[in-house]
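Below is one structure, written out as structure tokens; comments come after it.
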Amino acid sequence: MNVSARAGLNGQAPRCNHIDVVPAAKSGIAECRRCLQLRVIWPRLVVCLTCGWVACSDGSAGGHAWEHYQETDHPVVAALEPVTAWRWCYVHGRAV
């Protein structure tokens, strides 16, 4: 039995197979276009791993990354900062 194939974050959850199907998209400009239009400051940016769209995180006032997921069904975003490997799957509602 291959436990590592089923394992996820710290072995606590099933592996998210959405990570395996997202292309290697290049990120766009490091800004949330919708926040700029609304003149709102974002605390954190994330990048859609499917298309490279950059938007403010769900913890921001705008929550534009969530809106992008609702519009496109692109499942996984990652922190835009290069020093972190944080990724979030909207389908599973958890870090992956």
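The values are calculated or read from the model by the stated rules, or taken from the named source; none is laboratory data. Please read all numbers here as calculations on a predicted model, not as lab measurements. We place every Cβ from the backbone using ideal geometry, glycine too, and count neighbours over all the protein chains shown.
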So in the stretch 27-81, with the set limited to residues that are within 13 Å of the chain's Cα centre (by Cα) and of a type in the set (D, E, K, R), which one is surrounded by the fewest Cβ atoms within 10 Å (Cβ to Cβ)?
73
In the stretch 80-95, the residues that are at pLDDT 90 or above and under 16 Å from residue 26 (Cα atoms):
none
Which numbered condition residue 4 misses (of (1) in a loop (DSSP other than H, G, I, E, B); (2) modelled with pLDDT under 90):
(1)
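For the stretch 82-96, give me the residue count where each residue is over 8 Å from the mean Cα position of the chain (by Cα) and either charged (D, E, K, R) or under 23 Å from residue 17 (Cα atoms) (or both).
10
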